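Written below as structure tokens is the structure these notes are about.
The values are calculated or read from the model by the stated rules, or taken from the named source; none is laboratory data. Only a predicted model underlies this, so the values are computations on that prediction, with no experimental measurement involved. Here Cβ is always computed from backbone atoms with ideal geometry, including for glycine, and neighbour counts include all displayed protein chains. Just so you know, the surface numbers come from the protein's heavy atoms only, side chains and all, with ligands and any DNA or RNA stripped out. Shrake-Rupley method; radii C 1.70, N 1.55, O 1.52, S 1.80 Å.
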Amino acid sequence: MNFNTFDGAGMTSARTRARMIERIKQLGIHDAKVLAVMGMIPRHVFVDEALSHKAYDDTALPIGHGQTISQPYIVAQMTALALGAAQHEKVLEIGTGCGYQAAVLSQLFKTVYTIERIGSLSKGARERLNLLGLHNVRVRHADGSRGLPDAAPFDVILIAAAAPIVPEDLVEQLRIGGRLIFPVGSEDQELRMIERTDEGIVETRLEKVRFVPLLPGLA
Ligand code: SAH
């Protein structure tokens, strides 16, 4: 896929995006595939034009409705963890937001399912992903807190919003060798990973993070 046609000058240029990749590397992400994909996907397409000069800063940015596009470093970290799954056929993302993480995953997994509870964000994400020609992403407007049983099993389930408690029931929607990657907590949040192996469940506690809350119902 060639995304160059979306690049602008200055703060929306490929060179500015390359600086973001350097920053992500400095923070300890060295997975070549993740860096290559994030070096291609035009993040500025996923934020409001008034914020596009900040699109390649390593920060979360507002996307409306009190929600945010995740910090690039965190997207890179979660994507690198996702690539550690045994297979890369099907990934489920809960919390589409503007669709950026889904766009990154679309280049690394055969099919991406992504669920968003806020209708206008879901619609906007679908339009952007279509504009970029990313036709292996299926966008659903739904409450994703119970996963997506009708499309299970997944190789990876990635949650982009923080649940107050560990969403253990989602593990059933993972394949053996699959990974559930999620932030947990309210005030103090932590990134965690649960792997479903032949011998059972392995949980790893990762770093401190800051995500918007996982909320019930549609909006
Ligand atoms: N993945 C995004 C980050 C989105 S922020 C990125 O690429 O930057 C998290 C999103 O999760 C918000 O848009 C929020 O509305 C959504 N969300 C929260 N609870 C949800 C739920 N139960 N089901 C689906 N989406 C949810």
Between the Cα axis of helix 119-131 and the main Cα principal axis of the chain, the angle (0 to 90°, nearest 10) is 60
Over the Cα atoms of region 75-143 the radius of gyration and the largest Cα-Cα distance (Dmax), both in Å, equal 11.3, 34
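Net charge near Arg17, counting Lys/Arg +1 and Asp/Glu -1 over other residues with Cβ under 14 Å of its Cβ? Don't skip to the end; give the middle numbers.
Numbers: positive: Arg15, Arg19, Arg23, Lys25, Arg43, Lys54; negative: Asp7, Glu22, Asp57, Asp58.
Residues near Arg17 contribute +2 overall.
Over the chain, with every protein chain in place, what whole percent of the accessible area is carbon and sulfur at 1.4 Å, could you tell me?
Numbers: 5160 of 10050 Å².
Using a 1.4 Å probe with all protein chains present, the chain comes out at 51 percent carbon and sulfur.
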Once Lys and Arg are counted +1 and Asp and Glu -1 for all other residues with Cβ under 9 Å from that of Arg192, the total becomes -1
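Please report, in debye to the nearest 20, how large the charge dipole of region 61-219 is about its Cα centre when each Lys and Arg carries +1 at its beta carbon and each Asp and Glu carries -1 there. Display every interim value, and only then the final one.
Details: 16 positive and 18 negative charges, 123 e Å.
It works out to roughly 600 debye.
Compute and list, largest first, the equivalent-ellipsoid semi-axes of region 116-219 from the alpha carbon gyration tensor, each √(5λ) rounded to a whole angstrom.
Working: eigenvalues 117, 66, 31 Å².
After scaling each eigenvalue by five and taking roots: 24, 18, 13 Å.
Once the piece of chain linking His135 and Ile201 is laid out straight, how much longer is it, given 0.36 nm per residue of separation minus the C-alpha distance between them?
Working: separation 66, 0.36 × 66 = 23.76 nm, distance 3.30 nm.
Full-extension gain reported as 20.5 nm.
How large is the Rg to Rh ratio of the chain when both quantities use alpha carbon positions and Rh follows Kirkwood? Don't skip to the answer; put the middle values down first.
Details: Rg = 16.2 Å, Rh = 17.3 Å.
Answer for the chain: 0.94.
How would you rank 192-201, 62-71, highest first, on the average number of other Cβ atoms within 10 Å across their residues? Before the final figure, lay out the partial values.
Values: 192-201: 14.3, 62-71: 17.4.
Averaged packing, sorted descending, gives the order 62-71, 192-201.
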Of the residues Gln87, Val166, Ile194, the Cα lying farthest along the dipole of region 60-209 towards its positive end, which is defined by charges on the beta carbon of Lys, Arg, Asp and Glu, belongs to Gln87
Among Gly144, Met78, Val47, the residue whose Cα sits farthest towards the positive end of the charge dipole of the chain, when +1 is placed on the Cβ of each Lys and Arg and -1 on the Cβ of each Asp and Glu, is Val47
Rounded to the nearest whole number, the per residue volume of the convex hull around the C-alpha atoms of region 106-166 in Å³ is 97
For region 1-64, using Cα atoms only, the Rg and Dmax in Å read 11.5, 32
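State, as an integer percentage, the relative contact order of the chain based on alpha-carbon contacts under 8 Å between residues 6 or more apart. Spell out each step's value before the answer.
Numbers: 437 pairs, mean separation 33.3, N = 219.
Normalised by residue count, the contact order of the chain is 15 percent.
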log10 I(q)/I(0) for region 163-205, Debye formula on C-alpha points only (no solvent), q = 0.16, 0.30 Å⁻¹, two decimals, reads -0.39, -1.07
In Å², rounded to a whole number, the accessible area per residue of the chain with probe 1.4 Å is 46
